[in-house]
């Protein structure tokens, strides 16, 4: 029986410190201070910055405005529906938004907007899996595990128009 080696590191960001978590060297979590659904600290494993060099490099480039799409190996642990939502999140282009209803449509579940919202809120790898790019059908900034202020700041940083959701044709 093999055991999974869990490690973490904490990095500074313009959105307060971020805790990165890896299982066997693969990113499984990116959590903000005070984030809803943040696992207990004891689940983050031992401190070790070594597995996170590429994630830190890409996050730094993102925060410097030099990177608009992450290319990192990820391990997203969740239900099949949650993983489907998280896969759709990764397809939302930088600087654009989609509504919860748009995501439900793309998943072939047009009546599942609320379920999409719940899955979105449990995204374990914020920013890299851009759940901040999902808004209400009226363009409102409804819900964000890291807080609405951070969501608004991330969208403003990316230059996303939040008044009306972008037409969802790119999935």
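Every number here is computed from the coordinates shown, using simple stated rules; none is lab data. Everything quoted here is computed from the prediction, not taken from an experiment. With ideal geometry, Cβ positions are generated from the backbone for all residues, glycine too; neighbour counts draw on all protein chains shown.
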Under 15 Å from the residue 4 label point (7 Å along Cα→beta-carbon), backbone N, segment 43-87: 43-46, 74-80, 83
Checking rank on 112-125, 50-63, 83-96, with mean other Cβ inside 10 Å and highest first, the result is 112-125, 83-96, 50-63
Counting alpha carbon pairs within less than 8 Å and at least 6 residues apart, what relative contact order, in whole percent, applies to the chain? 21 percent
In degrees from 0 to 90, rounded to the nearest 10, what is the angle of the helix 80-89 Cα long axis to the longest principal axis of the chain? 70 degrees
Rounded to two decimals, what is Rg over Rh for segment 80-158 when you use alpha-carbon atoms and the Kirkwood radius? 0.92
Relative contact order for segment 1-97 using alpha-carbon pairs under 8 Å, separation at least 6, rounded to a whole percent? 24 percent
Subtract the Cα-Cα distance of residue 66 and residue 11 from 0.36 nm times their separation in residues, and report this length gain in nm to one decimal. 18.0 nm
Please list, short to long, the whole-number percent of alpha-carbon pairs of segment 6-63 in consecutive 10 angstrom bins beginning at zero. 24, 59, 17
Take the Cα of residue 94, step 7 Å along the line toward its Cβ, and report every residue of segment 29-72 whose backbone nitrogen sits under 19 Å from that point. 54-72
Relative to the longest principal Cα axis of the chain, at what angle does helix 53-63 sit, 0 to 90 degrees, rounded to 10? 40 degrees
Where does segment 18-171 land on the Kirkwood hydrodynamic radius, alpha-carbon pairs, in angstrom? 15.8 Å
Only Cα pairs within less than 10 Å get springs; with that Gaussian network setup on the chain, which residue of 30, 20, 107 has the largest fluctuation? 107
With a cut-off of 8 Å between alpha carbons and a minimum separation of six or more residues, what is the relative contact order of segment 83-133 in percent? 46 percent
Computed lengthening from residue 122 to residue 41, 0.36 nm per intervening residue step minus Cα-Cα distance: 27.5 nm
